[in-house]
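Only one structure is covered here, and it is reproduced in the block below.
The values are calculated or read from the model by the stated rules, or taken from the named source; none is laboratory data. In this text the structure is predicted, and so the values were computed from the model without any measurement. Note that we place each Cβ from the backbone using ideal geometry, even for glycine, and neighbour counts take in every protein chain shown. Each accessible area value is taken on the protein alone, full model and side chains, heavy atoms only, with ligands, DNA and RNA left out. Shrake-Rupley method; radii C 1.70, N 1.55, O 1.52, S 1.80 Å.
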Amino acid sequence: MLNDYKVMITGATSGMGLSTAKEFISQGATVIGIGRNFERTKDLGERFIPFKCDIREEEQIIAAAEFAEEKFGRLDTLILNAATGESATPSDVTSEGYTNGFKMYVLAPALFTKYCEKLLRRSDNP
């Protein structure tokens, strides 16, 4: 169904991101899995391509987009799924924690979209 689809998924090493990667692969897609620890992805086969990236760092996001361009020349789907898995009450909020959350949930999706836009526009798939 998704044969020849080229997909990038952030947070692809656990939880919903890992499940999403598995589903895309089961339907024939090739996935660049963005994450930092790939222990749980070792059995996903050759259509899972790990790319180590701290999405809070713009230079690493640029490197991920450049990797996708070199590897595929396009992307058919970009799934921005990364999350910390942490929660805090208002009394637990720190400047550092707020900054990290902002980078992960606001800035990283905007930057991935910015740097992957031209790859997504090259897709022939609906």
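Roughly how many percent of the accessible protein surface of region 1-81 is carbon and sulfur, given a 1.4 Å probe and a whole-percent answer?
Roughly 46 percent of what the probe reaches on region 1-81 is carbon or sulfur.
Could you put Y115, Y5, Y105 in order of accessible surface area, largest first, with the 1.4 Å probe and the full protein assembly present?
Y105, Y115, Y5
Pulled fully out, how much extra length does the chain show between M16 and L120, if you take 0.36 nm times their separation in residues and subtract their Cα-Cα distance? Numbers along the way, then the final one.
Numbers: separation 104, 0.36 × 104 = 37.44 nm, distance 2.21 nm.
Full-extension gain reported as 35.2 nm.
Could you check the simple spin-label distance between E39 and L107, using points 7 Å along Cα→Cβ, in nm with one decimal?
The answer from the label model is 2.8 nm.
Please report the base-10 log of the normalised intensity I(q)/I(0) for the chain, using a Debye sum with one equal scatterer per alpha carbon and no solvent, at each q in 0.09, 0.13, 0.14 (1/Å).
Scattering profile of the chain, log10 relative to I(0): -0.25, -0.51, -0.59.
If the elastic network links every pair of Cα atoms under 10 Å, which of A21, A64, A88 fluctuates the most in the Gaussian network model of the chain?
A88
Over region 65-122, what is the mean sequence separation of C-alpha contacts under 8 Å (at least six apart), divided by residue count, expressed as relative contact order in percent?
Answer for region 65-122 is 65 percent.
Can you give the accessible area of D92, probe radius 1.4 Å, in Å² rounded to 10?
Answer for D92: close to 90 Å² accessible.
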